[in-house]
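Below: one structure, written as structure tokens.
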């Protein structure tokens with residue numbers, strides 16, 4: 001049997017708050033926290049966006065090559081797990097500590113602003129350097145900041161990046177390459193993503209409405225989420241991961257959810273669990289017509305219509321490269337809490353053309369008990385799919 005690999009208490013910064021405890025309170029609250037309505041990234045068109053409330057100006061980075069908003073968001077999240085990290089640095093050689101992060105934007109937003117400020121064909125502003133936008137930047141920056149010398153990997157597979165970072169970190173530990181891995185995802189709002197999804201007619205001008213007959217697109221968000229992963233016991237183990245690729249279409253998922261179904265099935269097999277063992281499923285749930293339809297088909301083909309499910313994207317926006325890690329963190333909070341499950345906020349109007357799911361109502365828990373095993377889905381462009389199984393270990397809860 002594969003040696004257990006544990007996820008310790010995460011660091012979270014997202015639209016729900018500036019710390020994991022603040023996020024937990026907002027996540028399980030009786031009323032949803034509204035997203036930020038702004039035309040900052042779409043002048044003249046106001047959209048709801050999952051903007052982080054944190055002031056990042058205090059986290060300026062001295063090296064201009066690394067001083068992107070994306071890295072500052074990452075740095076703002078780090079203090080929440082700094083004690084865990086320092087203990088790891090004390091116990092393990094620097095080359096045995098890895099960093100694996102997911103992102104889809106890196107510092108692209110800074111490049112956008114630099115070209116806005118540029119005068120004609122003149123030089124770019126002195127605060128900008130092209131390395132700010134390199135996709136490998138987040139992990140490379142964090143490794144230099146923490147003075148680790150193990151693998152430093154940034155994954156960019158669109159909306160599956162954050163979850164794939166956790167799966168990759170687990171492999172580094174299981175194969176003996178690392179003793180500890182700092183893993184997760186970070187993505188920041190920028191014009192490229194907001195306008196890019198708008199060009200696909202995938203952005204909603206109201207709060208997204210997953211699995212409703214009235215759903216009409218996503219809200220873009222931003223977040224940073226970090227876990228310390230190790231063999232040291234903690235309340236949650238990353239029990240399984242399943243990854244597939246549809247190769248069906250550059251942006252649309254397979255209409256029957258074949259890749260999504262394969263990812264969930266593989267994750268269950270990896271964890272040694274049956275469908276009936278899962279107590280909650282965090283849906284990818286983007287509120288786009290095709291994604292929700294195929295996910296409902298895939299989920300019901302494995303679990304039927306009795307598994308409590310929810311999409312948390314109406315609360316955070318779709319945080320793209322950070323989403324998989326962020327939603328795994330929400331699962332971590334459910335496993336270590338009092339039995340509350342992340343609620344599904346929508347208009348309650350089911351789509352008759354899709355199989356019905358058991359969507360979690362606000363305040364609902366898993367039959368009054370904490371679920372033992374939960375699953376989290378992340379699906380991306382190109383049919384890049386991943387499902388993660390997180391399991392409670394019975395250790396002391398948060």
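Please treat every number below as a calculation from the coordinates, not as lab data. The model shown is predicted, which means the values in this text are computed figures rather than measured ones. Positions of Cβ are backbone-derived with ideal geometry, glycine not excepted, and every protein chain shown enters the neighbour counts.
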* Of these, 30, 44, 17, which one is over 22 Å from the mean Cα position of the chain (by Cα) and closer than 21 Å to residue 345 by Cα? -> 30
* Filter the stretch 141-162 down to the residues that are without any contact (Cβ under 8 Å) to a residue 60 or more places away in the chain and surrounded by fewer than 20 Cβ atoms within 10 Å (Cβ to Cβ), then identify the one that is farthest from residue 260 (Cα to Cα). => 147
* To do: Being without any contact (Cβ under 8 Å) to a residue 24 or more places away in the chain and either in contact with a strand residue (DSSP E or B) (Cβ under 7 Å, 6 or more places away or on another chain) or in a loop (DSSP other than H, G, I, E, B) (or both) is the filter here, so list the residues in the stretch 190-217 that pass it.
  => 197, 201
* Say whether the condition of being buried (at least 24 other Cβ atoms within 10 Å of the Cβ), at positive phi, touching a helix residue (DSSP H, G or I) at 6+ places or on another chain (Cβ under 6 Å) and not in a strand (DSSP E or B) is met by at least one residue in the stretch 94-108. => yes
* Structure fact -> Of the listed residues (111, 83, 88), the one being more than 21 Å from residue 164 (Cα to Cα) and either in contact with a helix residue (DSSP H, G or I) (Cβ under 6 Å, 6 or more places away or on another chain) or part of a loop (DSSP other than H, G, I, E, B) (or both) is 111
* Asked: In the stretch 30-44, what count of residues is obtained for those that are surrounded by 13 or more Cβ atoms within 10 Å (Cβ to Cβ) and either free of Cβ contacts under 8 Å to residues at least 40 places away in the same chain or in contact with a strand residue (DSSP E or B) (Cβ under 9 Å, 6 or more places away or on another chain) (or both)?
  -> 8
* Asked: Mind checking which pairs have a first residue in the stretch 283-301 that is on the phi > 0 side of the Ramachandran plot and a second that is surrounded by 24 or more Cβ atoms within 10 Å (Cβ to Cβ) and in a helix (DSSP H, G or I), Cβ under 6 Å, 6 or more apart or different chains?
  -> 285/313
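For (1) within 21 Å of residue 373 (Cα to Cα); (2) surrounded by fewer than 23 Cβ atoms within 10 Å (Cβ to Cβ); (3) touching a helix residue (DSSP H, G or I) at 6+ places or on another chain (Cβ under 6 Å), each residue gets a yes or a no:
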{"site": "181", "(1), (2), (3)": "no, no, yes"}
{"site": "184", "(1), (2), (3)": "yes, no, yes"}
{"site": "231", "(1), (2), (3)": "yes, yes, no"}
{"site": "253", "(1), (2), (3)": "no, no, yes"}
{"site": "271", "(1), (2), (3)": "yes, no, no"}
{"site": "277", "(1), (2), (3)": "yes, yes, no"}
{"site": "282", "(1), (2), (3)": "yes, no, yes"}
